[in-house]
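The values are calculated or read from the model by the stated rules, or taken from the named source; none is laboratory data. Note that the structure is predicted; figures quoted are calculated from it, not measured. Cβ: placed from backbone, ideal geometry, glycine included. Neighbour counts: every protein chain shown. Ligands, DNA and RNA are stripped out before the accessible areas are found, and what is left, the full protein with its side chains, is counted by its heavy atoms. Shrake-Rupley method; radii C 1.70, N 1.55, O 1.52, S 1.80 Å.
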Amino acid sequence: MEEIARLFGIHKNTVRSWLKQGLAAIDDRRPILILGQELSRFLRERRQKAKKTCGPGRIYCIACRAPKVPAGKMAECMPSGRLIYRRVNLAKIDAIRDDLEITFTQPRPSIRESPAPSVNCDSSQKAQAHENT
């Protein structure tokens with residue numbers, strides 16, 4: 001039990017709660033031992049139960065923990081590599097769009113793509129200060 005808590009960075013009471021929710025221990029003796037395969041099964045089933053599918057025109061609201069129609073039935077699509085709420089294959093976007101108005105924007109260029117990358121660091125500032133003296 002302690003190893004699982006350390007592995008996931010959680011409190012031992014969380015693991016105890018999982019045992020009450022259906023995570024099976026090897027036996028009733030102490031220390032409480034749990035097979036890795038059993039832990040994997042339990043967590044997989046737990047994730048499946050918690051999943052909420054988003055129908056057409058809906059986006060998952062993190063605060064509500066439920067699929068919701070966005071305000072004004074509008075969404076903005078901005079490829080950025082950041083956390084997103086619904087992954088969509090662009091070829092299938094019309095199937096999930098429903099009556100949402102989706103705006104496609106271009107991601108910001110990375111520093112490598114920038115024509116004049118900023119090099120604000122101590123070494124460049126020291127070099128500039130040295131050149132000015």
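Is region 92-101 home to any residue that is of a type in the set (V, I, T), in a helix (DSSP H, G or I) and modelled with pLDDT of 70 or more? Spell out how you get there, then give the answer.
Restricting attention to region 92-101, the residues satisfying the condition of being of a type in the set (V, I, T) are 93, 96.
Adding the requirement that they be in a helix (DSSP H, G or I) leaves 93, 96.
Then drop every residue that is not modelled with pLDDT of 70 or more, which leaves 93, 96.
Within region 92-101, one or more residues are of a type in the set (V, I, T), in a helix (DSSP H, G or I) and modelled with pLDDT of 70 or more.
So, in region 1-37, exactly how many residues are open to solvent by 90 Å² or more (accessible area, probe 1.4 Å), of a type in the set (D, E) and assigned to a loop (DSSP other than H, G, I, E, B)?
Residues that pass the stated criteria total 1.
Let me confirm something: among R30, R97, R46, which residue is closer than 30 Å to L19 by Cα, among the basic types (K, R) and more than 21 Å from the chain's Cα centre (by Cα)?
Sole residue among the options that is closer than 30 Å to L19 by Cα, among the basic types (K, R) and more than 21 Å from the chain's Cα centre (by Cα): R30.
Output the qualifying pairs, or none if there are none: Cβ atoms under 6 angstrom, residues six or more apart or on different chains, first residue in region 38-65 and in a helix (DSSP H, G or I), second residue at pLDDT 90 or above and open to solvent by less than 90 Å² (accessible area, probe 1.4 Å).
Here the result reads E38/A24; F42/L23, each pair linking region 38-65 to a residue that is at pLDDT 90 or above and open to solvent by less than 90 Å² (accessible area, probe 1.4 Å).
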